[in-house]
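Participant: Take this structure, written in structure tokens, and hold onto it; I'll ask about it next.
Bear in mind these aren't lab numbers, they're just calculated from the coordinates by the rules spelled out. Nothing here was measured: the structure is a model prediction, and the numbers come from that model. In this analysis, Cβ positions are derived from the backbone assuming ideal geometry, glycine residues included, and neighbour counts consider all displayed protein chains.
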Amino acid sequence: MTRNRKLLKTFRRFGYVAAILFTVAVSERSLAQQNQDIDILIKGGHVIDPKNSIDGLMDVAIREGKISQVASNIPVANAKRVVDAKGLYVTPGLIDMHAHVFIGNDLDAYIANAQTSVPPDGFTFRSGVTTVVDAGSSGWRNFRLFKEQTIDRAQTRVLALLNIVGTGMTGRFEEQDMSDMNPVMTAHMVKKLFPNIIVGIKSAHFWGDFTQVDRAVEAGKLAGVPVMVDFGEHDPPNSIESLFMQHLRPGDIFTHTFSYGPKQRETIVDENGKVKPFVFAAQKRGLIFDVGHGGGAFSWRQAVPAMKQGFKPDVISTDLHTQSMNGGMKDLANVISKFLNMGMTLQDAVARTTVNPARVINRPELGHLSPGTEADVAIFNLRKGDFGFLDVRGLKLQGNQKLEAELTIRAGRIVWDLNGISAPVWDTVK
Amino acid sequence: MHKTFFVVTVWLVSFAFHASGQEIDLLIKNGHVIDPRNNINARMDVAITGGMIFQVAPGIAESRAKKVVDASGLYVSPGFIDIHTHVFVGTKPGFANGTSSISPDDFACRSGVTTVVDAGTSGWRNFPVFREQVINRSKTRILAFLSIGGTGLSGKSAQEDLDDMNPDSTFLMFKKYPETIVGIKIGHYEGSDWTPFDRALTAASKAGIPLFVECHLPQYSLEDQLKRMRPGDIITHSFEKVSERMSVVDEEGRVRPFVKEAQKRGILFDLGHGGAGFWFSEAVPALKQGLGPNSFGTDLHRNSVNAGMKDMMNVMSKYLAMGMKKEDVILRGTWAPARSIKREDLGNLSKGAPADVVVWSIRKGKFGFVDAGGNRIEGDQKMEAELTLREGKVVWDLNGLTAKKFEIK
């Protein structure tokens with residue numbers, strides 16, 4: 001009996017040991033297997049991931065389209081493809097929160113289904129952008145066409161702000177039509193029909209009073225999403241203090257922040273070069289200031305003094321369309337470079353193109369490199385040299401650094417590789 | 001006597017006005033001008049007036065110009081000509097009036113290209129739509145090779161339809177728009193019947209313009225294609241390595257004799273990079289044996305712009321990396337393609353030519369260039385477009401060469 005018990009005990013002990021050994025073996029094996037399954041390993045880059053407070057040399061591992069690990073010294077042996085990012089910066093794929101990509105052939109229209117819009121893929125990846133937010137090119141009447149024509153066919157992730165005007169940006173006169181600004185229908189589109197794509201409401205190009213903004217905010221409240229306002233075609237200008245403090249809510253977005261066209265648009269910096277006090281107060285209150293560079297909405301005379309006085313935009317964006325693409329704007333990397341040369345740190349600029357816009361549009365899964373998220377990644381080099389940067393008035397600011405997108409990954413796929421850092425040298429391949 | 005005095009006075013006054021006045025709209029000073037058409041390869045100034053080239057000479061006085069651009073340390077060339085693009089952009093799936101095509105202005109201006117030739121995305125049936133929708137609305141000059149298929153690149157069933165390959169209708173469309181249609185294209189046909197090829201050739205002969213031959217003709221041998229082509233006809237995707245067409249070099253890396261023969265006979269080889277049309281394994285040995293591209297057609301479309309191709313200057317930079325001299329690269333980006341499409345008004349800086357000009361730099365550093373197979377070549381220089389002018393108008397200014405400095409008052 002005792003003997004048997006002893007034997008049993010021994011067996012049990014052996015069993016425990018075996019079980020432990022087995023577990024260790026299995027976990028080691030699964031670890032190895034996991035490591036062998038790294039599809040792309042980005043080695044030795046300086047990772048800037050503001051959401052996760054990462055700012056230093058790290059490796060980034062991607063597996064099955066997702067971020068699997070961000071850590072120092074992930075072994076190369078376990079990766080199918082290794083990208084040497086020494087001397088380069090690695091960031092989450094950028095989010096351009098203000099673009100116009102509803103391209104189409106309505107030859108009478110302005111931006112909605114029209115040629116002032118551009119297809120996103122040709123501009124995004126080459127500047128490190130993986131997500132764009134179309135800023136109200138479509139309204140509830142033509143959003144489905146936009147989705148079918150552009151959103152569903154783009155490699156870039158395209159999200160949208162829905163215009164409070166039913167036909168979106170079809171033309172200036174349609175945009176004044178108060179009988180076509182329907183908050184309920186707009187909110188249904190956001191909340192009931194396309195909650196995965198539509199992230200907010202847009203109010204723009206209105207010549208009247210605050211009616212359009214108020215309708216957009218009404219829709220925003222019904223749908224629980226932010227409103228972006230392009231507020232600048234009033235003659236004489238409407239008060240932006242009233243806009244910021246009375247009409248918009250914390251979390252709503254003021255775009256074209258550094259625009260200068262005082263006859264129709266009240267500026268944030270006064271004629272003596274001082275940022276108006278209520279602008280700081282509005283930002284403190286939670287109003288979001290978006291750059292929205294565009295073809296007419298970024299002037300050094302606004303941006304330079306604002307930056308000097310400590311007023312930084314919350315989000316850096318392009319307002320990409322045909323009238324901005326070949327002018328002072330060019331692409332998001334160029335717009336970011338302007339801020340770097342005005343003294344913003346790269347870390348601050350990356351936050352303003354990743355985690356900040358993701359928060360503003362309430363898409364917490366975007367704009368960071370946390371394990372398990374879709375692998376949207378950008379790799380940049382920071383060029384040193386003598387560069388000029390144009391504003392929309394044809395004035396230039398000299399700078400000595402410029403951001404250039406080396407490699408862009410969208411959902412784990414390499415979609416841009418400027419210098420072939422992910423490619424083998426041709427005569428080494430058989 | 002009185003009349004003579006008047007004439008002389010007017011002449012003197014106008015001369016004085018011109019001399020002291022500013023008859024030059026834009027003067028590009030101190031750049032290194034490379035204009036192969038006019039054998040210019042030296043430091044010169046380029047004066048532009050009324051959207052045209054006014055003068056190319058050293059030491060043109062700044063006082064004569066309304067605006068001066070300092071191009072010290074930079075190169076100045078005729079705007080580049082990309083003879084293989086797909087720009088019939090629209091909303092349909094695919095190329096013709098579709099989303100696989102792209103707007104030329106999105107990519108041309110920033111890479112120094114001022115003229116593109118659309119490579120048969122349209123045929124005689126839909127060319128008018130292309131013209132109205134895109135050609136008439138672009139800043140980039142758009143010319144076209146008309147596809148022998150009536151609806152161009154409108155999907156396989158349309159492209160294979162022999163009944164819709166009408167040389168007469170194709171010719172008539174050329175007669176209607178001779179200033180835009182510069183060639184006829186045959187490129188997509190899966191049968192072994194030579195009728196499509198011959199009809200394209202018939203239309204091209206009748207119009208007196210070149211035939212542009214693309215590779216998607218799997219049943220035609222390369223040798224037969226080249227044999228049927230006339231001197232001045234253009235074959236594209238010259239350095240591809242695909243199952244659809246035999247490579248120009250053999251397994252040992254030697255340019256095939258019949259290819260050399262065709263080159264000697266005056267067949268023109270366009271690069272046609274695209275997503276699959278350019279491989280270092282073919283292009284490097286070919287270049288070493290004297291077969292370089294006559295033109296750097298990019299095969300610009302939705303899928304090539306983010307791949308190894310990127311843009312025309314990137315393609316040109318590949319040849320710098322492969323050892324071609326920059327003067328030869330510029331020749332193949334300007335005058336050679338202009339001649340190949342019989343548009344000798346383009347691709348040069350002769351007095352009176354449209355002021356399509358690119359100011360560019362050579363960036364030094366460590367660069368990589370990728371081919372269609374995802375293989376890389378390394379180089380230490382890369383061309384970059386600083387300023388692009390289209391008929392004298394600034395359509396691209398990378399670093400604000402034409403801009404005033406911002407100053408806080």
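Participant: For A:Gly232, all conditions in the list (1) buried (at least 16 other Cβ atoms within 10 Å of the Cβ); (2) part of a helix (DSSP H, G or I); (3) of a type in the set (Gly, Ala, Ser) hold save one; what is the number of the exception?
Facilitator: So the condition that A:Gly232 fails would be (2).
Participant: Okay, moving on. Hey, can you tell me all the residues within region A:366-397 that are in contact with a Phe, Trp or Tyr (Cβ under 7 Å, 6 or more places away or on another chain) and facing chain B (nearest Cβ under 8 Å)?
Facilitator: A:Asp391, A:Leu395, A:Lys396, A:Leu397
Participant: Further question on the same structure: I'd like the full set of residues that are over 15 Å from the mean Cα position of the chain (by Cα) and either assigned to a helix (DSSP H, G or I) or not polar (S, T, N, Q) (or both), limited to region B:293-309.
Facilitator: Correct list: B:Arg302, B:Val305, B:Ala307, B:Gly308.
Participant: Oh, and also: Looking for something in contact (Cβ under 8 Å) with a residue 40 or more places away in the chain and within 14 Å of another protein chain (Cβ to nearest Cβ) - is there at least one such residue anywhere in region A:419-427?
Facilitator: The answer is yes, given that some residue of region A:419-427 is in contact (Cβ under 8 Å) with a residue 40 or more places away in the chain and within 14 Å of another protein chain (Cβ to nearest Cβ).
Participant: Here's another thing I want to ask about it. Give A:Thr170, A:Thr131 a once-over and let me know the one that is closer than 19 Å to A:Ala411 by Cα, surrounded by 24 or more Cβ atoms within 10 Å (Cβ to Cβ) and polar (S, T, N, Q).
Facilitator: One residue alone meets the criteria, A:Thr131.
Participant: Separate question: Test of understanding: among A:Gln323, A:Gln283, A:Gln302, which residue is part of a helix (DSSP H, G or I), in contact with a Ser or Thr (Cβ under 8 Å, 6 or more places away or on another chain) and over 21 Å from A:Arg126 (Cβ atoms)?
Facilitator: Working: A:Gln323 fails: over 21 Å from A:Arg126 (Cβ atoms); A:Gln283 fails: in contact with a Ser or Thr (Cβ under 8 Å, 6 or more places away or on another chain).
Matching residue, one of A:Gln323, A:Gln283, A:Gln302: A:Gln302.
Participant: Go through region A:92-114 and give me each residue that's among the small types (Gly, Ala, Ser) and either within 17 Å of A:Ala351 (Cβ to Cβ) or free of Cβ contacts under 8 Å to residues at least 60 places away in the same chain (or both).
Facilitator: Residues satisfying the conditions are A:Gly93, A:Gly104, A:Ala112, A:Ala114.
Participant: Let me ask something additional. Would you mind finding the one in A:Val213, A:Val199 that is in contact (Cβ under 8 Å) with a residue 60 or more places away in the chain and touching a strand residue (DSSP E or B) at 6+ places or on another chain (Cβ under 6 Å)?
Facilitator: A:Val199
Participant: Here's a follow-up. Can you tell me which residue in region B:367-409 is nearest to B:Ile24 (Cα to Cα), limited to those that are among the acidic types (Asp, Glu) and in a loop (DSSP other than H, G, I, E, B)?
Facilitator: Among them, the one singled out is B:Glu391.
Participant: When you scan region B:261-291, how many residues do you find that are in contact with a Leu (Cβ under 9 Å, 6 or more places away or on another chain), in a strand (DSSP E or B) and closer than 22 Å to B:Asn306 by Cα?
Facilitator: Total satisfying the criteria: 1.
Participant: Select from region B:52-82 the residues that are touching a residue at least 24 places away in the same chain (Cβ under 8 Å), surrounded by fewer than 22 Cβ atoms within 10 Å (Cβ to Cβ) and assigned to a loop (DSSP other than H, G, I, E, B) and list them in ascending order.
Facilitator: Residues satisfying the conditions are B:Ile60, B:Ser72, B:Gly73, B:Leu74.
Participant: If you don't mind, there's one more thing I want to ask. Which is assigned to a loop (DSSP other than H, G, I, E, B), over 21 Å from A:Gln176 (Cα atoms), of a type outside the set (S, T, N, Q) and touching a helix residue (DSSP H, G or I) at 6+ places or on another chain (Cβ under 8 Å), of A:Gly292, A:Gly310, A:Gly273?
Facilitator: Only one candidate qualifies: A:Gly273.
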